[in-house]
Amino acid sequence: MKIKPALPRKFSLARLLLKVLVIALTFIFFFGALIVPLEIDHPDSTIHNFLDGIWWSAATVSTVGYGDVVPVTVGGKILGIILQLTGASIFFGALVGTLTVYIHHAQDSFRWKRLDEKMERLENDSKVTQRQLDFLIKNQQAANKKPRPWGL
């Protein structure tokens, strides 16, 4: 009887990376929309519309920080600090975590497959050995039988 290991269902890297991307984009759009009301009325502000806010948010969360669009108000700078600390760590943490889990699952699946193959080889070897042992026992019993005397 063949026993299959209980592995979780198929791990889809593309599906999980898509979830990380959706979360990151949601984060970027949320903070991009949140920065505009804080910066739009300041005369020295470089964030004038939603697209500028999205650009600033994407550059900040990806830790690129071009410097062409920056918050100048206290509220905008505080929001930028929050985005840098949480956004980058969540985004990159989720990305690295997803890839780590995928690699671990792939290694685990490979190990289970090799273990299953070894188990099949051992079962086959055991069956061959049992047949050989049965054959030897049968022949030994036949050789140990004493011939019957003639005429009885």
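The values are calculated or read from the model by the stated rules, or taken from the named source; none is laboratory data. Note that this is a predicted model, so its numbers are computed, not measured. We place every Cβ from the backbone using ideal geometry, glycine too, and count neighbours over all the protein chains shown.
So for the range 126-133 (the condition being within 30 Å of residue 22 (Cβ to Cβ) and either part of a helix (DSSP H, G or I) or within 20 Å of the chain's Cα centre (by Cα) (or both)), does at least one residue qualify? So that I can check it myself, show each step before the final result.
Kept after step one, since they are within 30 Å of residue 22 (Cβ to Cβ), are these residues of the range 126-133: none.
The answer is no; no qualifying residue exists.
Hey, could you check the range 73-87 for residues that are surrounded by 15 or more Cβ atoms within 10 Å (Cβ to Cβ) and among the hydrophobic types (A, V, I, L, M, F, W, C) and say which is modelled with the highest pLDDT?
79
One residue is enough: does the range 70-91 have a residue meeting the conditions in contact (Cβ under 8 Å) with a residue 24 or more places away in the chain and on the phi > 0 side of the Ramachandran plot?
Among the residues of the range 70-91, not one is in contact (Cβ under 8 Å) with a residue 24 or more places away in the chain and on the phi > 0 side of the Ramachandran plot, which makes the answer no.
Determine, yes or no, whether residue 90 is part of a helix (DSSP H, G or I) and either touching a helix residue (DSSP H, G or I) at 6+ places or on another chain (Cβ under 7 Å) or under 30 Å from residue 15 (Cβ atoms) (or both).
yes
Yes or no: the range 99-121 includes at least one residue that is among the basic types (Lys, Arg) and within 30 Å of residue 31 (Cβ to Cβ). Talk me through it step by step, then tell me what you get.
Going residue by residue through the range 99-121, those that are among the basic types (Lys, Arg) are 111, 113-114, 118, 121.
Filter once more, so that each one left must be within 30 Å of residue 31 (Cβ to Cβ): none.
Looking through the range 99-121, none of the residues is among the basic types (Lys, Arg) and within 30 Å of residue 31 (Cβ to Cβ).
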